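Reviewing the structure listed below.
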Ligand SMILES: NC(=O)c1ccc[n+]([C@@H]2O[C@H](COP(=O)([O-])OP(=O)(O)OC[C@H]3O[C@@H](n4cnc5c(N)ncnc54)[C@H](O)[C@@H]3O)[C@@H](O)[C@H]2O)c1
Ligand SMILES: N[C@@H](CCO)C(=O)O
Ligand code: NA
């Protein structure tokens, strides 16, 4: 089948990521979508910069309307940002019968009601997973995974810039202005960083989540918004002493009389998982009456993490356009004819790190014998812990952490180590995963 044709409006940070990831993973994405997804045309005011990424693999134009008016294009992806020209272009794309994907939280939070009305009238889809918490699939979780629940509340660290500022101020004692500059340098901040530090960006995202969780229109103008600019370092320290951490939270809560929609610095008990979300990471905690608490964590910004969410929307739309139910909701997430017979590896072939504990003679040369055996099997040591032998004992515990190695190499090394006269009994082996 002919690939679905996509027009990309804006190839900056996110657009560049979309182009790159779509190309890099095109085989896997096609196996999931049931159809190729091809960027037909890219529109950007900066054609020269666009060329550096696109080369000759798609058409490049400087006029976004040339994309919207192109009858070949099925889906328009808006990655320009802001509520100005982006709003006009999205409405025009809808009027032209295109499905729309956007990462633009400001646009959806402020003009979403109008946009959805137009899309409904035209029978087209508008998807915006990238607009909230970037790469974290929180829209999908709320819209699909949690549909059995009455959602009672949502609380999220949904602005990476401010979380980075608060973490760095606390851990390194740096001042606000220095850390904000660093956040801008790292590309976390909005074009206008007051949106980040004054809580506006978080309020855009909280507004979108409240609408999806409670089935209400977007009401950004009703959100209560406080940023972190008035937060004093002394209060961060006092809160720590009392067992709390201060985070900028976006909160949406259903009450019998209405919905709370608010963004402000908030004390959270330090022992909560979400209190330990540091740096530019995002996390959203959702409480549903049936499921209880669920927590979603990941990168809320950046080129490829955000592209990950944009492309997921492209796959969703491509699947939904399929006439055949089996292709719309593939049982194994990959299309039935694209499931591959990749083998599950026997345990000897897996790769991991290890914690090893052995009982060894407390004498010179033992450690050298053991490290020699490990090296001969290609196992390298990450850390060693050798306890002093207890009073009157001739043996002691030796504990080692290894770098990653194949299990069969580890087992061969352990067998030889156990054969050493200076090693007593079996080597205790526990696998270690860094999960970073
Ligand atoms: N950067 C992130 O981490 C991130 C994360 C989540 C959501 N978003 C959202 O994604 C959107 C894009 O953000 P970005 O960081 O990629 O911005 P960016 O500034 O890097 O890219 C925007 C691109 O649009 C182009 N552009 C501007 N006006 C145009 C016009 N009239 N026609 C065609 N092209 C035009 C610019 O030349 C630029 O290349 C924004 O809505 C932003 O809020 C960004
Ligand atoms: N400026 C935003 C980018 C992602 O939406 C942030 O810091 O989280
Ligand atoms: Na998301």
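Just so it is clear, none of the values below were taken in a lab; they were calculated from the coordinates. Being a predicted model, the structure only gives us computed values, none of them experimental. Note that we place each Cβ from the backbone using ideal geometry, even for glycine, and neighbour counts take in every protein chain shown.
Remarks
- Ranked by the mean number of other Cβ atoms within 10 Å of their residues, highest first, the peptides 160-169, 179-188 come out as 160-169, 179-188.
- Sites residue 235 and residue 393, calculated FRET efficiency, Cβ-Cβ separation with R0 60 Å, nearest 0.05: 0.70
- Build a GNM of the chain with springs between Cα atoms under 10 Å apart, and of 13, 405, 30 the one that fluctuates most is 405.
- The stretch 172-231: relative contact order as a whole-number percent, Cα under 8 Å and 6+ apart: 30
- Inter-part distance where the stretch 27-50 and the stretch 221-264 are each reduced to a Cα centre, Å: 39
- Comparing mean-square fluctuations of 74, 196, 382 from a GNM of the chain with C-alpha springs under 10 Å, the top value falls on 382.
- A Cα-only calculation for the chain places Rg and Dmax at 26.8, 87 Å.
- Relative to one another, the C-alpha centroids of the stretch 119-188 and the stretch 287-333 are positioned 16 Å apart.
- The eigenvalues of the Cα gyration tensor, multiplied by 5 and square-rooted, give the stretch 1-118 an equivalent ellipsoid with semi-axes of 22, 17, 14 Å from largest to smallest.
- Of 375, 275, 211, the residue with the greatest mean-square motion in the GNM of the chain, using alpha carbon springs below 10 Å, is 375.
- For the stretch 354-417 and the stretch 68-110, distance of Cα centres in Å: 60
- For the pair residue 88 and residue 380, label points projected 7 Å from Cα toward Cβ lie 5.7 nm apart.
- Considering the stretch 348-432 at the alpha-carbon level, its Rg and Dmax are found to be 12.4, 43 Å.
- Helix 85-95 axis versus longest C-alpha principal axis of the chain: approximately 70°, rounded to the nearest ten.
- Backbone N within the stretch 31-56 under 20 Å of label point (7 Å from residue 337 Cα along the Cβ vector): 31-38
- Beta bridges from DSSP with both residues in the stretch 224-267: antiparallel share about 85 percent, rounded to the nearest 5.
- Straightening the chain between residue 148 and residue 49 buys 31.0 nm, computed as 0.36 nm per residue apart minus the Cα-Cα spacing.
- For residue 320 and residue 113, a Förster radius of 25 Å and the Cβ-Cβ distance give a FRET efficiency of 0.65, rounded to the nearest 0.05.
- Taking every alpha-carbon pair under 8 Å whose residues sit at least 6 apart, the chain reaches a relative contact order of 16 percent.
- Rg/Rg_ref, the stretch 139-298, where Rg_ref = 2.2 N^0.38 Å and atoms are Cα: 1.02
- In degrees, nearest ten, helix 176-185 long axis to first principal axis of the chain (Cα): 80
- Computed from Cα atoms, the angle from the helix 200-214 axis to the main principal axis of the chain rounds to 80 degrees.
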